[in-house]
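Below is one structure, written out as structure tokens, with a few remarks after it.
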Amino acid sequence: MKLNCGKIVQIAVAFAANFLSVLFGLVTAWTSPTIFLLQSPETPLSSGPMSDDEVSLMTSLMYLSAIGGSVVAGWLANTLGRKWTLFLSAIPQLIAFILIFFADKAIHIYISRCLSGIAVGTSIVIIPIFVAEISDKNLRGTVGNFMGVSISLGNFFGKFLPNLGGFYLTPIVVCTMVGIFSPILAILPDSPQFLLLKNRPEAAEKALKFYRGIRKSSPDSTAYTTELDELKKSPSLTKQKLTLSLRDFCGGATILSILTSFWLSNHPTFTGNRVLVSYTDKLLRISETDLDIPTMDITVAAVQLIASIASIFLISRFGSRLVLIVSFALSSIAMAIVATHFHIVETKSGLNTYSWLFFAAFAIATAIPGSAINSLAFGMATEIVSPKLRGFLISIYVILSWLLGFVFINYFLALETFWGISGWIWLFGSWCFMSTILSFFILPDTRGKTFDDILLLFNKKLPKKWQENTSLTLGIAKNNNP
């Protein structure tokens, strides 16, 4: 992939937007090292050490309040725009960590976690939409995976900063990040697709020029002109009302794209990533490994970060679809090894000799879903549905994802008594195995494709009687059959 001015701009903007993803990873991992401090005699809270129930509430509140952010995200995205919604979502995060810095009682942390959840719930919906819409179709898969890297980086910071500087360093770092990146978002143009949806073609043209690096002195703007014409003529962007109707959800290809995006959006929960990350320390202790558990915990986080970075180059080289298929396959194998290990532990057999194998499999089972699969799948879930439906559908998907995540995390240990840890891991591994098959047969290769191209690919996967009889597909058919 050759870099030009436009691609450099797109990469820089995607990086700036994903500072909110870094904060998402940070607030998720921040509880892990902080719980021990808050429950110790050295707690910074004047109310004294927190109980297990209080700590559980503190951890889960973010997932519940994230639902509120996701509920309004779609409406905000289609009303205020993508960039201003991202800008506004940083404000609750800023207030949240100011509260943490001055926290004196448990209630202050509860409020902080609720505010963080609202920010996370909103930004996690809008980031993939904004990044997908500003990106060149040949770069979309690569920058779409920035979210995975950013979340992994945030997880690392969430564990590293409290151990480095105690309770108060993390709020200082977060407030500094918000102060640096929020003004950058404010001065950026919104996505060309959103501006076309709002019937602002001149603003859309200026935005596309900015994100493609087109200047007055540019010698060749043929590719830009072609892309602009395609956007203006796209049935999914022009001559539409922003009010949704049942007709927007009809058609075989449209329904298949919605079902596929729904399946993709559920990976954070059903790959087990949230559970494995939330209960890493406890799972490692239950595993009866003779390796040093704190070292293992840090190593797993490092592996996830490395996997996230590597996935960017792999996606650029091989495409999103192939990387997903291989990632699902590797995760299902790793899950099988981990599940087998826990099954043997549950039957009271010693496995210390094989601790290295369990740890390697556990690291893969945690790192790959937490890097390539989750971010890439969610990015693809965004780009394979109509721009008009994106805000609404992704909001619904994320709300369901938060609910499922809350249920899985809260009932993981309770249901352990019924089918053990191994039963859970087999469930996650089965989902990864099923996803390997679905990715191979259903998922289209979106490299270099517009949404209308993707819709046509879905159309071809359906029996003729279910195919969508749109003006788009008829037009292409006529061109192919003169």
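The table for this structure:
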{"quantity": "Residue ID - farthest from SER308 (Cα to Cα), chosen from residues in region 143-157 that are modelled with pLDDT of 85 or more and among the small types (Gly, Ala, Ser)", "calculated": "GLY154"}
{"quantity": "Qualifying positions in region 413-446 - over 27 Å from GLY379 (Cβ atoms), open to solvent by 70 Å² or more (accessible area, probe 1.4 Å) and touching a residue at least 12 places away in the same chain (Cβ under 8 Å)", "calculated": "TRP426"}
{"quantity": "Residue check for LEU197: surrounded by 20 or more Cβ atoms within 10 Å (Cβ to Cβ), of a type outside the set (D, E, K, R) and at pLDDT below 85", "calculated": "yes"}
{"quantity": "Residue pairs meeting the criteria (Cβ under 8 Å; at least 6 apart or on separate chains; first assigned to a helix (DSSP H, G or I), in region 307-327; second at pLDDT 80 or above and open to solvent by 70 Å² or more (accessible area, probe 1.4 Å))", "calculated": "VAL323/LEU314; ILE325/PHE440"}
{"quantity": "So PRO33, is it closer than 24 Å to SER278 by Cα, of a type outside the set (Ser, Thr, Tyr) and more than 31 Å from the chain's Cα centre (by Cα)", "calculated": "no"}
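Matching residues to (1) among the charged types (D, E, K, R); (2) farther than 21 Å from VAL22 by Cβ; (3) open to solvent by 30 Å² or more (accessible area, probe 1.4 Å):
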| position | (1), (2), (3) |
| --- | --- |
| LEU246 | no, yes, yes |
| GLY251 | no, yes, no |
| ILE255 | no, yes, yes |
| PHE262 | no, yes, yes |
| PRO268 | no, no, no |
| VAL303 | no, no, yes |
| SER308 | no, no, no |
| ALA329 | no, yes, yes |
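The values are calculated or read from the model by the stated rules, or taken from the named source; none is laboratory data. Predicted model only: the values in this text are computed from it and were never measured. Ideal geometry is used to build each Cβ from the backbone, glycine not excepted, and the neighbour counts take in all protein chains shown. To get the accessible areas, we keep the full protein, side chains included, count just its heavy atoms, and leave off ligands, DNA and RNA. Shrake-Rupley method; radii C 1.70, N 1.55, O 1.52, S 1.80 Å.
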